[in-house]
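Take a look at the structure set out below.
Nothing in this text is a laboratory measurement; each read-out follows from the coordinates by a stated rule. What you are looking at is a predicted structure, and each value in this text was computed from that prediction instead of being measured. Because the Cβ atoms are built from the backbone with ideal geometry, glycine has one as well, and the counts that use them run over all protein chains shown.
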Amino acid sequence: MITDFEQLTRKLRDLNRRVRVAAVCPRDHSSEAALAQAHKEGWAEPIVIDHDDQPTAAREAVAAVRRGEADVLMKGLISSDVLLRAVLSKEDGLLSPGHVLTHIAVAQMAGYHKLVAYSDAAVIPYPTQEQRSRQIAYLVALCHSLGIAEPRVSLIHCSEKADGRHFPFTEGYALLAAQAREGAYGRCVVDGPLDVKTSMCAESMRVKGIQSPIGGEADALVFPDIEAANVFHKTITLLAGARIAAVLQGPEVPVVMPSRGDDAQSKYYSLALAALQSVNTH
């Protein structure tokens, strides 16, 4: 089981296999540095796709993936909207029917003894029940790639009690947990509603007298909406010094879509996370 980013990158180095990365307009220093480090360590083979016309560069990168020439797509100095239009194109994009584009981040922070994944801090404003179900599926698959045999996925709310009157989405949590028990997502445990503290602190769960298979040991958190997830994301990076890796899930290959404020280290970890997922699915 991989519990920190150093273990993740060491595993990639030990595999002695290069993942082909279609890097779209990687002209910024942080993207260049992340790609250079991954290449130097022997687990990434950058395929630089650059063009003065951004839509052309985006289409060429997506086409390279569709031809089987790249295993991961990485955004450089190009508009997110431009790249996403190419990824989501119904004619020649990368999102197959039945899949949902969503954002997953993985955090390493001093206050928790292992990595924790969460969704969705960047893409889906208010997930439907179906979208939330896909988020769980993607989170479970990602946790499996990290060597977690039975991921514990916590469905987040401000309370451990469902409240259909004020928070209708909490009524769907019981159905998602039931689907997990029936094997809909493979080997995993899904439960909720739970708050973040009880999800990640066994003592808090004990004090509150909550009986849950999560047991204060959550491997993944599913937030009710983008506002809650984004506040969590920004808070742990600013106040807890969290290291973050993030990828878009749903397309045929993992997509590294860093924000403008991400440094080289964050992009390197995101690339490593995407590479590990690619290795485990091929």
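Annotation for residue 6 and residue 174: the two label points, set 7 Å from Cα along the Cα-Cβ direction, are 4.6 nm apart.
The order of 56, 170, 198, going from fewest to most other C-beta atoms within 10 Å of their C-beta, is 56, 170, 198. Going Cα to Cα from residue 40, which aspartates and glutamates come in below 16 Å? Please leave out same-chain ones fewer than 8 positions away. List returned: 6, 14, 32. For every other residue with a beta carbon closer than 13 angstrom to the beta carbon of residue 11, add +1 if it is Lys or Arg and -1 if Asp or Glu, then tell me the sum. Overall, the nearby charge balance is -1. With 27 Å as the limit on Cα-Cα distance, the pairs of 11/114; 234/267; 11/90 that go past it are 11/90.
Mind jotting down the distance between the C-alpha centroids of region 179-256 and region 108-128, whole Å? What the calculation gives is 6 Å, centre to centre. Listed options for mean projected area of the Cα convex hull in nm² are (i) 26.2; (ii) 15.3; (iii) 14.2. The value calculated from this structure is the one marked (iii). Near residue 101: Cβ cut-off under 15 Å, other residues only, Lys/Arg at +1 and Asp/Glu at -1. The net charge is +1. Between residue 13 and residue 227, the contour length at 0.36 nm per residue exceeds the Cα-Cα span by 73.4 nm.
Can you list the DSSP H helices in the chain whose Cα atoms extend at least 20 Å along the helix axis and whose mean Kyte-Doolittle hydropathy is 0.0 or higher? Qualifying helices: 264-281.
Modelled label positions at residue 85 and residue 187, each set 7 Å beyond Cα in the direction of Cβ, lie 4.5 nm from each other. Note on region 105-243: Cα-only Rg and Dmax are 13.8, 39 Å. Note that region 9-120 shows a convex hull volume over its alpha carbon atoms of 138 Å³ per residue.
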